[in-house]
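Each remark here refers to the structure printed beneath this line.
The values are calculated or read from the model by the stated rules, or taken from the named source; none is laboratory data. Everything numeric in this text was worked out from a predicted model, so none of it was measured. Note that we place each Cβ from the backbone using ideal geometry, even for glycine, and neighbour counts take in every protein chain shown. Keep in mind that these areas ignore ligands, DNA and RNA; they rest on the heavy atoms of the full protein, side chains included. Shrake-Rupley method; radii C 1.70, N 1.55, O 1.52, S 1.80 Å.
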Amino acid sequence: MVKKYVFGTPFETEAVICDMEVCKDNPQIGSISVQDGFRFEYKINDMDVIYGLGEANRGINKRGYIYVSDCSDDPEHTEGKISLYGAHNFIIISGKENVGLFFDYPSKLTFDIGYTRHDELKVFCDRADLYVYVITGESAYDITKQFRRIIGRSYIPPKFAFGFGQSRWGYRTRKDFDDVVKGYRDNNIPLDMLYLDIDYMQDYKDFTTNEENFPDFKEFVDSLKAQNVHPVPIIDAGVKIEDGYDIYEEGKEKGYFCKREDGTDFVAAVWPGWTHFPDVLNKDAREWFGSKYKRLIDQGVDAFWNDMNEPAIFYTEEGVAALDKAIHNYVEGNDICVIEDIINTANAVPAEIKQCMQNLQNNEEDYKRFYHNIDGKRVRHDLVHNLYGYNMTRAAGEAFEKIAPDKRILMFSRSSYIGMHRYGGVWTGDNKSWWSHILLNLKMMPSLNMCGFLYTGADIGGFGDNTTRDLLLRWLALGVFTPLMRNHTALGTRNQECYRFEDIEDFRHVIGVRYRLIPYLYSEYMKAALNDDMYFKPLGFVYPDDKMAIETEDQLMLGNEIMIAPVYVQNTSGRHVYLPEEMKFIKFMPDGTIYEQLLDKGHHYVEIALNEVPLFIRKDKCIPVAEAAQSVPEIKWDELKYIGYEEAEYELYND
Ligand code: GLC
């Protein structure tokens, strides 16, 4: 049962789309106070597991740490980080009681989950203006499905989006892009998407293409699509300020950019230099910005990724002025010898200047300097900060329905709030080429699914830092199962395309397994989307009475038939797994054969070589397997074979 409670005057985020009466009774869970902001407190029992929070750091069980919903452009996802790119305020307390809680609040919200005191859960924010949804049910899984029903159906991407994609920040020229496709095709490594990072644009201007590198962009798109490769251009939040750039001029004239307090357009620097932010929380501006995607759609594009939409700010005029002032004060207040000494000593920047430098990027004060025009009401950005990425992606999603109503268009975003799951997927942002980030990738997946985000994945191989061959192979063996399977890396890092490494056949094989599994993965994705269900589930959702299953956080259930357990430790030739029931251990071997071994319920050590892809088929179930293909349209759906338990039945979904 779902109950809706209202406190103060909430902002209508439209995360929940189901009409519900507001309850007047007491929520009968924990205690709520609305003095000096909102505060929910709950006594956690020893056995309670706290699930949720979507794209967040640490474990599947969120107990024992503190998390703040505050969409942040922070590429250092170390263990201490409390805010990432998304804000997904849904949690489930599962144990003595089973209760789901969604705090529909668009600004900074803190979840202290047994951090300050091990046995207390506290959820609090500055203003007591929010909706709280309280969901009771028989299990965490049941509660999740009820929640998913009230937030509406998850986004469904086109089928090609289940293929493999190659990306890099740094591809610039036509040749750079053509070489990548050639690298994949010549080496017979499957490929369905080629990502176009910021350099495809003219001076980083949204919806433009670089004239020198792409004199005929449509022809470029056509040539890729003739090879079954879909280009996926990036769209950034900031619109470059440049006379003659029509989108800037139009937005300015129509008043569609976010404004300062004095009514002038707010200015922030991002990749293009000085930009304005389209006011995507304003209905007209959202429609206007969304309509611009048509420019690329008209040239054959059917896939996009939205970026920098926290929105990220490198610096503002105000921030630069503060730094300037700090430098001046310092120079004027100090003897010339002291200054010379500083200039000559590396890293000896005085604290007050250092502070101003640190304050330049993504500064909270800057988020208080601009306003949205929402139905004629001026709303300061920081009060609705977590809705920006959501509404930028909604702008695109709503536009796609008009521009191409009969077509599915690929869309995923960096920043998000619950509600955005209806318009696109998410990728988990700028991770690193670290082994720990394979595990973090895995742990985020079911939590994201709980919040409606089904089309998800991480930058495989790692975005920051240099990858290694073994890291990439092991990560791909997890990526085989994530709906979004993309190899992406940052400017200046080591080459990360799969054909750049020795023994290319290993990459061909591992990615090939993805294509062999697409009939299963696509079927399970569609069933999850159409039934408000999960694609990835924590083991505890399927085996709620099995303590060991609940505590196993490095394995996941995928759909109804399989369990996955990827290797995420370097220099290991296998791993321990826990089987909550008898299962068939399957390995896709590099010679194309499929290894099968029946394993009893319990603990096992299984050998998994770098070039093998493991999975486990649940008792009395089977899955379809295709032959490997070079692209999604080449998969032969009418020649599937089934592996797993004989006599088992499988419901295939195809369209
Ligand atoms: C951001 C994105 C990253 C992209 C880069 C350049 O860091 O998260 O994926 O490559 O910007 O556009």
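In region 350-385, what residues are open to solvent by 80 Å² or more (accessible area, probe 1.4 Å) and of a type in the set (Asp, Glu)?
Listed by number, the residues that qualify are GLU352, GLU364, GLU365, ASP375.
Out of curiosity, is PHE481 crowded, with 23+ Cβ neighbours inside 10 Å, part of a loop (DSSP other than H, G, I, E, B), out of contact with any Leu (no Cβ under 8 Å at 6 or more places or on another chain) and among the hydrophobic types (A, V, I, L, M, F, W, C)?
No: the conditions fail for PHE481.
Given region 265-323, what strands (runs of 3 or more DSSP E) lie entirely inside it while holding 1 or more residues that are at pLDDT 95 or above and aliphatic (A, V, I, L, M)?
The strands (runs of 3 or more DSSP E) meeting that bar are 268-270, 303-307.
Quick one: how many residues across region 237-259 are open to solvent by less than 10 Å² (accessible area, probe 1.4 Å) and touching a residue at least 60 places away in the same chain (Cβ under 8 Å)?
Here the count works out to 3.
Need pairs with beta-carbon distance below 7 Å; first residue in contact (Cβ under 8 Å) with a residue 40 or more places away in the chain and within region 262-288, second among the small types (Gly, Ala, Ser) and within 16 Å of the ligand (Cβ to nearest atom); sequence gap 6+ or separate chains.
ALA268/GLY238; VAL270/GLY238; VAL270/ALA312; PRO272/GLY238; PHE277/ALA237; PHE277/GLY238; PHE277/ALA268
Right, ASP262: at pLDDT 95 or above, in a loop (DSSP other than H, G, I, E, B) and surrounded by 15 or more Cβ atoms within 10 Å (Cβ to Cβ) or not?
no
Please enumerate the residues belonging to region 265-292 that are open to solvent by less than 20 Å² (accessible area, probe 1.4 Å), aromatic (Phe, Trp, Tyr) and farther than 18 Å from ASN306 by Cα.
Passing the criteria: only PHE266.
Would you check if there is a residue in region 546-553 being among the charged types (D, E, K, R) and either modelled with pLDDT under 95 or crowded, with 20+ Cβ neighbours inside 10 Å (or both)?
Among the residues of region 546-553, not one is among the charged types (D, E, K, R) and either modelled with pLDDT under 95 or crowded, with 20+ Cβ neighbours inside 10 Å (or both), which makes the answer no.
Being open to solvent by 10 Å² or more (accessible area, probe 1.4 Å) and within 16 Å of the ligand (Cβ to nearest atom) narrows it down to one of ARG494, ARG516, ARG486, ARG469, so name that one.
It is ARG494.
Every residue in region 241-259 that is farther than 21 Å from ASN363 by Cβ and not in a loop (DSSP other than H, G, I, E, B), please.
Hits for region 241-259 are ASP246, ILE247, TYR248, GLU249, GLU250, GLY251, LYS252, GLU253, LYS254.
Taking the criterion of being outside any strand (DSSP E or B), β-branched (Val, Ile, Thr) and either more than 16 Å from the ligand (Cβ to nearest atom) or modelled with pLDDT under 95 (or both), would at least one residue in region 174-186 satisfy it?
Yes, some residue in region 174-186 is outside any strand (DSSP E or B), β-branched (Val, Ile, Thr) and either more than 16 Å from the ligand (Cβ to nearest atom) or modelled with pLDDT under 95 (or both).
Are any residues in region 509-548 of a type in the set (Phe, Trp, Tyr) and touching a helix residue (DSSP H, G or I) at 6+ places or on another chain (Cβ under 6 Å), and if so, which ones?
Passing the criteria: TYR522, TYR535, PHE536, PHE541, TYR543.
Let me spell it out: the conditions are (1) aromatic (Phe, Trp, Tyr); (2) open to solvent by less than 10 Å² (accessible area, probe 1.4 Å); (3) in a helix (DSSP H, G or I); (4) within 17 Å of MET444 (Cβ to Cβ), and PHE507 meets all of them except one. Which number is the exception?
(4)
Is at least one residue of region 217-238 over 21 Å from ASP179 (Cβ atoms) and either touching a Pro at 6+ places or on another chain (Cβ under 6 Å) or more than 16 Å from the ligand (Cβ to nearest atom) (or both)?
Scanning region 217-238 turns up at least one residue that is over 21 Å from ASP179 (Cβ atoms) and either touching a Pro at 6+ places or on another chain (Cβ under 6 Å) or more than 16 Å from the ligand (Cβ to nearest atom) (or both).
If you go through region 613-628, how many residues are outside any strand (DSSP E or B) and open to solvent by 10 Å² or more (accessible area, probe 1.4 Å)?
5
Residues checked against (1) open to solvent by 20 Å² or more (accessible area, probe 1.4 Å); (2) away from the ligand (no atom under 16 Å from the Cβ); (3) modelled with pLDDT under 95; (4) within 18 Å of MET308 (Cβ to Cβ):
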site	(1), (2), (3), (4)
PRO405	yes, yes, no, no
SER415	no, no, no, yes
THR428	no, no, no, yes
HIS437	no, no, no, no
PRO446	no, yes, no, no
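If I filter region 241-286 down to residues being within 16 Å of the ligand (Cβ to nearest atom) and β-branched (Val, Ile, Thr), which single residue comes out as nearest to the chain's Cα centre (by Cα)?
Once the filter is applied, the top-ranked residue is VAL270.
Somewhere in region 146-168, is a residue of a type in the set (Lys, Arg), farther than 23 Å from LEU454 by Cα and in a helix (DSSP H, G or I)?
Taking every residue of region 146-168 in turn, none turns out to be of a type in the set (Lys, Arg), farther than 23 Å from LEU454 by Cα and in a helix (DSSP H, G or I).
For region 292-320, which residues satisfy the criterion of being within 29 Å of VAL384 (Cα to Cα) and hydrophobic (A, V, I, L, M, F, W, C)?
Result: ALA303, PHE304, TRP305, MET308, ALA312, ILE313, PHE314, VAL320.
Within region 576-590, how many residues are part of a loop (DSSP other than H, G, I, E, B) and in contact with an Asp or Glu (Cβ under 7 Å, 6 or more places away or on another chain)?
Counting residues in region 576-590 that are part of a loop (DSSP other than H, G, I, E, B) and in contact with an Asp or Glu (Cβ under 7 Å, 6 or more places away or on another chain) gives 4.
Based on this model, can you work out whether TYR388 counts as modelled with pLDDT of 95 or more, open to solvent by less than 80 Å² (accessible area, probe 1.4 Å), within 16 Å of the ligand (Cβ to nearest atom) and under 30 Å from SER291 (Cα atoms)?
Answer is yes for this residue.
Identify the single condition in (1) in contact with an Asp or Glu (Cβ under 8 Å, 6 or more places away or on another chain); (2) more than 16 Å from the ligand (Cβ to nearest atom); (3) open to solvent by 30 Å² or more (accessible area, probe 1.4 Å); (4) not in a helix (DSSP H, G or I) that GLN202 does not satisfy, given that it satisfies every other one.
With (1) in contact with an Asp or Glu (Cβ under 8 Å, 6 or more places away or on another chain); (2) more than 16 Å from the ligand (Cβ to nearest atom); (3) open to solvent by 30 Å² or more (accessible area, probe 1.4 Å); (4) not in a helix (DSSP H, G or I) applied to GLN202, the lone miss is (2).
Just to be sure before I move on: is ARG474 assigned to a strand (DSSP E or B) and at pLDDT 95 or above in the structure I sent?
Against the criterion (assigned to a strand (DSSP E or B) and at pLDDT 95 or above), ARG474 does not qualify.
Wholly within region 13-57, which strands (runs of 3 or more DSSP E) include no fewer than the required count, namely at least 1 residues that are among the basic types (Lys, Arg) and open to solvent by 50 Å² or more (accessible area, probe 1.4 Å)?
38-43
Can you pull out every residue in region 145-170 that is open to solvent by less than 10 Å² (accessible area, probe 1.4 Å) and within 16 Å of the ligand (Cβ to nearest atom)?
GLY165, GLN166, SER167 - these are the residues of region 145-170 that are open to solvent by less than 10 Å² (accessible area, probe 1.4 Å) and within 16 Å of the ligand (Cβ to nearest atom).
Taking region 324-368, which residues are among the hydroxyl-bearing types (Ser, Thr, Tyr) and assigned to a helix (DSSP H, G or I)?
TYR330, TYR367
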